[in-house]
1. Is it the case that some residue within segment 131-140 is farther than 29 Å from residue 40 by Cβ and either within 16 Å of ligand 3 (Cβ to nearest atom) or of a type in the set (A, V, I, L, M, F, W, C) (or both)?
2. Quickly run through segment 35-46 and pick out the residues that are within 16 Å of ligand 2 (Cβ to nearest atom) and not charged (D, E, K, R).
3. Inside segment 220-253, can you point out the residues that are farther than 27 Å from residue 467 by Cβ, buried (at least 19 other Cβ atoms within 10 Å of the Cβ) and in contact with a Leu (Cβ under 9 Å, 6 or more places away or on another chain)?
4. So which residues in segment 404-432 are touching a helix residue (DSSP H, G or I) at 6+ places or on another chain (Cβ under 6 Å) and farther than 14 Å from residue 220 by Cα, if there are any at all?
5. Return the total of residues in segment 309-344 being in contact with a Lys or Arg (Cβ under 8 Å, 6 or more places away or on another chain), under 21 Å from residue 98 (Cβ atoms) and assigned to a loop (DSSP other than H, G, I, E, B).
6. Taking segment 254-269 as the search range and keeping residues that are crowded, with 17+ Cβ neighbours inside 10 Å and in a helix (DSSP H, G or I), which one is farthest from ligand 2 (Cβ to nearest atom)?
7. Scan (1) surrounded by 21 or more Cβ atoms within 10 Å (Cβ to Cβ); (2) at pLDDT below 95; (3) not small (Gly, Ala, Ser) for the single condition residue 140 breaks and write down its number.
8. Return the only residue of 453, 392, 424, 483 being in the same structural domain as residue 315 (by TED's automatic domain parsing), of a type in the set (Asp, Glu) and either in contact with a Lys or Arg (Cβ under 8 Å, 6 or more places away or on another chain) or modelled with pLDDT of 95 or more (or both).
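The values are calculated or read from the model by the stated rules, or taken from the named source; none is laboratory data. Just so it is clear, the structure is predicted and the values come from calculations on it, not from any experiment. Every residue, glycine as well, gets a Cβ built from its backbone with ideal geometry; the counts of neighbours run over all protein chains shown.
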Amino acid sequence: MSAGRREVKKVRVPVPEQDPHVRIHNFNEVALGYSLEQAMEEASRCLQCHVKVAPCIKNCPVLVNVPGFIKKILEGDMKGALEVIMETNSLPGITGRVCPQEEQCEMNCIMGKLGDKINIGKLERFVADYAREHGIRPEVKIAPPTGKRVAIVGSGPAGLTAAADLRKMGHEVVIYEALHEPGGVLVYGIPEFRLPKEIVRYEVEFLKSIGVKIYTDVVIGKTLSLYDLLEEFDAVFLGTGAGTPNFLNVPGVNCLGIYSANEFLTRVNLMKAYLFPDYDTPIKRGKRLAVIGGGNTAMDAARSGLRIGYEEVYILYRRTRELMTARIEEIGHAEEEGVKFMFLVNPVAFKCDENGWVRAVTLIRNELGEPDESGRRRPIPIPGSEFDLEVDTVVIAIGQRPNRILYQEVPELEVSRNGTIIVDEKYRSTLRGVFAGGDAIRGEATVVLAMGDGKRAAMAIDEYLRTGEWPEKIVPMKLAQAD
Ligand code: FAD
Ligand code: SF4
Ligand code: SF4
């Protein structure tokens with residue numbers, strides 16, 4: 001550490017945000033981001049720990065050189081700052097906004113011993129936004145053509161990252177995406193008020209500018225098969241995510257007005273229900289919405305519900321606030337916006353009216369027992385504690401699993417009980433030449449974990465393309481599965 005005797009400000013430079021009373025009536029971004037002066041001031045708090053020991057670097061799944069880019073901000077060299085970040089992270093405008101920084105780069109920030117931890121996420125976002133607004137592009141070195149071709153299935157953060165890295169290594173890269181717009185959950189799941197789609201499009205354009213080809217509206221497993229890709233390409237990376245929602249197996253779950261979070265958010269985001277009346281996307285606009293779950297998806301559904309006009313929005317979660325998996329910032333924002341939280345409750349039934357529309361959810365109260373496989377205390381229902389909550393719409397946000405379309409006709413590709421693709425520590429699947437990463441191997445996880453997988457898989461693919469080596473048997477990598 002080289003802080004010397006310099007006085008450091010203990011308190012973070014606050015991030016300007018839209019007022020909660022105003023923002024619940026629009027889909028504009030909530031956090032407004034730092035100005036140049038604010039970014040400089042926050043950057044000046046960093047102690048510039050040595051890269052070999054800086055915990056912020058070690059705790060970032062894509063190993064961003066945090067002190068390195070912060071130093072460039074202080075020098076006023078934003079192109080340099082962008083280049084330092086983009087050495088390892090090709091989607092900085094996205095990660096700066098949606099990474100759970102408190103559990104990653106910021107978790108053990110040394111500045112935390114003296115005062116507030118450095119606001120690394122907002123500084124990363126500042127650099128990406130400043131560069132975009134000032135037309136600054138990083139210098140990218142592309143290795144000479146190798147003559148090898150790689151197909152990437154899925155254009156979420158795992159696929160986009162693998163594509164960028166493989167392209168820089170000199171390989172020809174083609175992405176196939178099932179939807180009409182690239183980005184995966186970044187475009188169809190995370191709402192505009194957290195991640196403007198313009199940012200995702202800009203970062204996708206960067207990939208195209210370095211020569212990555214993207215074909216949308218192509219479903220591998222339907223339009224083309226995995227075997228077709230293996231004939232045409234030297235290797236394939238599957239970054240197909242976890243887009244199939246888990247549903248509750250309780251009476252009344254088929255009432256009208258009960259959505260999966262995936263469907264609800266896709267209607268709001270990708271099908272632009274939030275731009276009503278310009279886009280008249282069919283979506284229920286009732287008065288009382290209950291969202292079941294405690295992750296980012298649940299927060300996004302609840303906050304979107306408020307913005308499309310629900311008067312009362314509830315989050316119903318089976319454990320306690322501290323055990324929710326959503327980013328702390330999103331929980332705080334949801335509370336500020338007036339979302340009502342009910343903890344330690346589980347839905348046991350839904351009740352419909354005479355026309356089949358949901359009118360209530362029956363909940364049972366829980367108490368916490370011993371920790372389960374996720375390390376968090378298990379919710380245990382308290383017999384006889386059932387009660388009804390009247391609602392007219394329900395969104396179920398209790399996790400997602402991979403979609404099986406792609407591999408149902410490929411028996412050689414082994415998947416786990418949860419449908420995740422089995423890979424070894426080099427992201428090799430049980431089918432020669434096929435690699436996988438992101439939510440497709442983990443279940444629903446995070447953007448930056450998917451990116452980390454994309455990066456490491458790109459290195460493994462490059463090695464395979466050079467050596468042709470493939471093991472006789474795949475030894476499954478141990479991965480933390482999503483709860
Ligand atoms: P995805 O982003 O799911 O992308 C997979 C892509 O593959 C999709 O575009 C899909 O259409 C395509 N595809 C699938 N099958 C095929 C096929 N057969 N042929 C062609 N294409 C196919 N993480 C965070 O870090 N921070 C957050 O704040 C956050 N919020 C979230 C909010 C919501 C609502 C959701 C749903 C998730 C959130 N996550 C968040 C999780 C994060 O978005 C995911 O972990 C991440 O997007 C996974 O990336 P991926 O590339 O593996 O898959
Ligand atoms: Fe932090 Fe995410 Fe950036 Fe890594 S990529 S430094 S975890 S914000
Ligand atoms: Fe050290 Fe924190 Fe700065 Fe990283 S961000 S170099 S841990 S003070």
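1. no
2. If the condition is that a residue be within 16 Å of ligand 2 (Cβ to nearest atom) and not charged (D, E, K, R), then 39, 43, 46 are the ones that fit.
3. Within segment 220-253, no residue meets the criteria.
4. Initially, segment 404-432 is screened for residues touching a helix residue (DSSP H, G or I) at 6+ places or on another chain (Cβ under 6 Å), giving 410, 420-421, 423, 426-427.
Across segment 404-432, the qualifying residues are 420, 421, 423, 426, 427.
5. Total meeting the criteria: 2.
6. If we filter segment 254-269 for residues that are crowded, with 17+ Cβ neighbours inside 10 Å, which is where we start, we get 255, 257-262, 264-269.
Those still in the list that are in a helix (DSSP H, G or I) too: 261-262, 264-268.
Working: 261: 23, 262: 24, 264: 27, 265: 22, 266: 25, 267: 29, 268: 25 Å.
Per the criteria, the residue is 267.
7. (1)
8. Details: 453 fails: in the same structural domain as residue 315 (by TED's automatic domain parsing); 424 fails: in the same structural domain as residue 315 (by TED's automatic domain parsing); 483 fails: in the same structural domain as residue 315 (by TED's automatic domain parsing).
Being in the same structural domain as residue 315 (by TED's automatic domain parsing), of a type in the set (Asp, Glu) and either in contact with a Lys or Arg (Cβ under 8 Å, 6 or more places away or on another chain) or modelled with pLDDT of 95 or more (or both) holds for just one of 453, 392, 424, 483, which is 392.
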